[in-house]
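A.B. asks: My questions will all concern the structure given below.
The values are calculated or read from the model by the stated rules, or taken from the named source; none is laboratory data. This structure is a prediction, so every number in the text was calculated from the model and none was measured. Here the Cβ positions follow ideal geometry from the backbone for every residue, glycine too, while neighbour counts run over all protein chains shown. When the accessible area is computed, the model is the full protein with side chains, heavy atoms only, and any ligands, DNA or RNA have been set aside. Shrake-Rupley method; radii C 1.70, N 1.55, O 1.52, S 1.80 Å.
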Amino acid sequence: MEDMIFYDRLQFAFTITFHYIFPQLTMGLSLMIVYFKWRYLREKVEKYNDAAKFFMKIFAINFTMGVVTGIPMEFQFGTNWAKFSELTGSIIGQTLAMEGLFSFFLESSFLVLFIFGEKRLGQKLHFLTAVLVFLGSWASGWFILATNAWMQHPVGYEILENGKFVLTNFKALFTNPWLLPAFLHNQLASVVTSAFVVASIGAFYILRNKNVEFGKLFLKTGVIFGLVSSILVAFPTGDWNAKNVVKYQPAAFAAMEGIFETEEAGAEIVLIGQPNMVEKKLDNKIAVPNILSFLTYQDWNKQIAGMDQFEEDELPDNIPALYYSYHIMVGLGTIFIGLMSLAAFFLWRKKLYTMNGILWAIMFMVPFPYIANLTGWYTAELGRQPYLVYGLLRTSEGISPNVSSGNTLFTLLGFVALYMLLGLLFLVLVGKTIHQGPKSQTH
């Protein structure tokens, strides 16, 4: 049984990790494309229109890869997690169906119109297609996160005698107190990823002395979007999410912060430390007293429950992974704010375009927003364990009894091989697009 659960979770973790590489760029990039197109309509400067069309090509490649890698996850609900689907399908099936029916078709239809319909539509309608692609991509995030929010904090449900969950309040799905902060935090984090991608392409062009005019535009835009979104990811949205975890999943919060024992008055915030699960403590700890209590409750002496206050089977089942995921996310977010603040300062001083060290740093940092986004997802999912539906349905109760661990491992190896090929194809296509660069249709 434990092998089955392990391989089922491992397969889903791998497929969703690889899949989420793509939506986190499309959701943020769609907003920046709308910005470029809006600047073109307002100023009639062709480079803004070229920028919008250039990044829509990258968006289209990402969107396609996201669709291809997203489909297997839907099938896994019926193969590896059949019992979970049987018990909760009448609830989560609604939000997932709306994501496919409304968001996917809105996004895909107007993506085609944006790419191929500029001359026929005219510039104002062309701008509208960009807005609708943006709305479709963000609506997709909304419906997916509505599903996840219900699993994190179930609302508006009733459990029948046969164990099935049924929805008694449809409105509750979208007024779930977990949903809005999670959605805003997630979407702004996707803007961070997109801002670093846009800025890094700009830095690449400047350093190569190629497409320098576009390089300066991309760098400036990426830095401004990156600074604003990085700050908003930390506060207020990150703070709002953390307070939700304290309120609704206190055991997960204790594990995230590495609080093994409840402190009498005022909880410290840990900067560095390694969980020691044998002795139930943090090794080599560096912490600042009382800060966590203040950040959480605005009270320096407020007590925060440690893991010693909960039953063993109610604690997350992989505390080190949860602790490290959370701290990697927070640490990287802090670095993003610092780097983008420094870049914005030199942009304001009109020196950024000649600061090769910062340009190289921005290029080097491109993978790290992806890592921060993924570790953020890991934090949410590991924190919910050992439950699929928090407090109601354990992970061990949701697997498919007729799918062996050997079958799951075999298909996982197939996914790994296939996705590596898809990843290589993605890099080739995006690299080729960047190499060609933005080309004005009027030149």
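A.B. asks: In terms of the Cα gyration tensor, with a ≥ b ≥ c the square roots of its eigenvalues, is segment 154-273 rounded because a/c is under 1.5, prolate because a/b exceeds b/c, or oblate?
C.D. replies: oblate
A.B. asks: Carbon and sulfur: what percent of the chain's accessible surface (1.4 Å probe)?
C.D. replies: Here carbon and sulfur together make up 66 percent of the probe-accessible area.
A.B. asks: Moving on to the next point. Calculate log10 I(q)/I(0) of segment 5-52 for q = 0.17 Å⁻¹, where I(q) comes from the Debye formula with a single equal point scatterer on each Cα and nothing for solvent.
C.D. replies: -0.59
A.B. asks: If you build a Gaussian network model of the chain, linking Cα atoms that sit under 10 Å apart, which residue out of Leu382, Leu374, Leu409 swings the most?
C.D. replies: Evaluated over the chain, the most mobile residue of the options is Leu409.
A.B. asks: Here's another thing I want to ask about it. Given H placed on each backbone N at 1.01 Å, which residues far from Leu271 in sequence or on other chains put an amide H within less than 5 Å of it?
C.D. replies: Amide H neighbours of Leu271, under 5 Å, 5+ apart: Ile286, Ala287, Val288.
A.B. asks: Give the cross-link partners of Lys57 among the aspartates and glutamates, using a straight C-alpha distance below 18 Å as the criterion and excluding same-chain residues fewer than 8 apart.
C.D. replies: Reachable aspartates and glutamates: Glu46, Glu107, Glu118.
A.B. asks: Here is a follow-up. Give me, ordered by chain and number, the residues 5 or more places off Tyr157 or on other chains with an amide H under 5 Å from its own placed amide H.
C.D. replies: Thr168
A.B. asks: Could you grab the relative contact order for segment 120-274? Cα pairs under 8 Å, six or more apart, rounded to a whole percent.
C.D. replies: Rounded, it is 17 percent for segment 120-274.
A.B. asks: Would you mind telling me which residue in Thr375, Thr411, Thr95 has the biggest mean-square fluctuation in a Gaussian network model of the chain, where springs connect alpha carbons within a distance under 10 angstrom?
C.D. replies: Thr411
A.B. asks: Net charge around Pro401, counting only other residues with Cβ within less than 12 Å of its Cβ (Lys, Arg = +1; Asp, Glu = -1)?
C.D. replies: Charge balance near Pro401 sits at -2.
A.B. asks: Given Cβ point charges of +1 (Lys, Arg) and -1 (Asp, Glu) and nothing else, what value in debye, to the nearest 20, does the dipole of the chain about its Cα centre take?
C.D. replies: 3040 debye
A.B. asks: If the cut-off is 21 Å between C-alpha atoms, which lysines fall inside it for Lys83, apart from same-chain ones fewer than 8 positions away?
C.D. replies: Once the sequence-local lysines are set aside, what remains near Lys83 is Lys164.
A.B. asks: In percent, what relative contact order does segment 325-416 have, based on Cα pairs under 8 Å that are 6 or more apart in sequence?
C.D. replies: RCO, segment 325-416: 29 percent.
A.B. asks: Separate question: Over 25 Å between Cα atoms, which of Lys247/Lys302; Lys351/Lys432; Lys53/Lys351; Lys220/Lys243 qualify?
C.D. replies: Lys351/Lys432; Lys53/Lys351; Lys220/Lys243
A.B. asks: For the chain, what is the accessible area per residue in Å², given a 1.4 Å probe and the full set of protein chains?
C.D. replies: So the chain comes to 46 Å² accessible per residue, rounded to a whole number.
A.B. asks: Return the long-range amide H neighbours of Leu393 (sequence gap of 5 or more, or a different chain), with a cut-off of under 5 Å between placed amide H atoms.
C.D. replies: Leu388
A.B. asks: Shifting gears a bit: Out of Phe77, Phe127, Phe143, whose Cα points farthest toward the positive end of the dipole of segment 36-189 (charges: +1 Lys, Arg; -1 Asp, Glu; placed on Cβ)?
C.D. replies: Looking along the dipole axis, the top candidate is Phe127.
A.B. asks: Mind running the shape call on segment 288-358? Use the C-alpha gyration tensor, a ≥ b ≥ c as the square roots of the eigenvalues: rounded below 1.5 for a/c, prolate if a/b tops b/c, oblate otherwise.
C.D. replies: oblate
A.B. asks: Taking 0.36 nm per residue of separation and subtracting the Cα-Cα distance, what length does fully extending Arg394 through Phe310 add?
C.D. replies: 28.6 nm
A.B. asks: Another one. Just the accessible area for Trp81, please: 1.4 Å probe, Å², rounded to the nearest 10?
C.D. replies: 20 Å²
A.B. asks: Oh, and also: Which one of Ala195, Leu322, Leu160 has its Cα pushed farthest toward the positive end of the charge dipole of the chain, where Lys and Arg give +1 and Asp and Glu give -1 at the Cβ?
C.D. replies: Comparing the listed Cα positions along the dipole, Ala195 ranks first.
A.B. asks: Turning to a different aspect of this structure: Any chance you could get the radius of gyration and Dmax over the Cα atoms of segment 82-184, in Å?
C.D. replies: When restricted to Cα atoms, segment 82-184 yields Rg and Dmax of 17.3, 60 Å.
A.B. asks: While we're on this one: If one computes the Cα centroid of segment 71-129 and of segment 191-208, what distance in Å separates the two points?
C.D. replies: 28 Å
A.B. asks: Hey, in the GNM for the chain with a 10 angstrom Cα cutoff, which one of Leu125, Leu106, Leu96 fluctuates hardest?
C.D. replies: Looking only at Leu125, Leu106, Leu96, the biggest GNM fluctuation is shown by Leu125.
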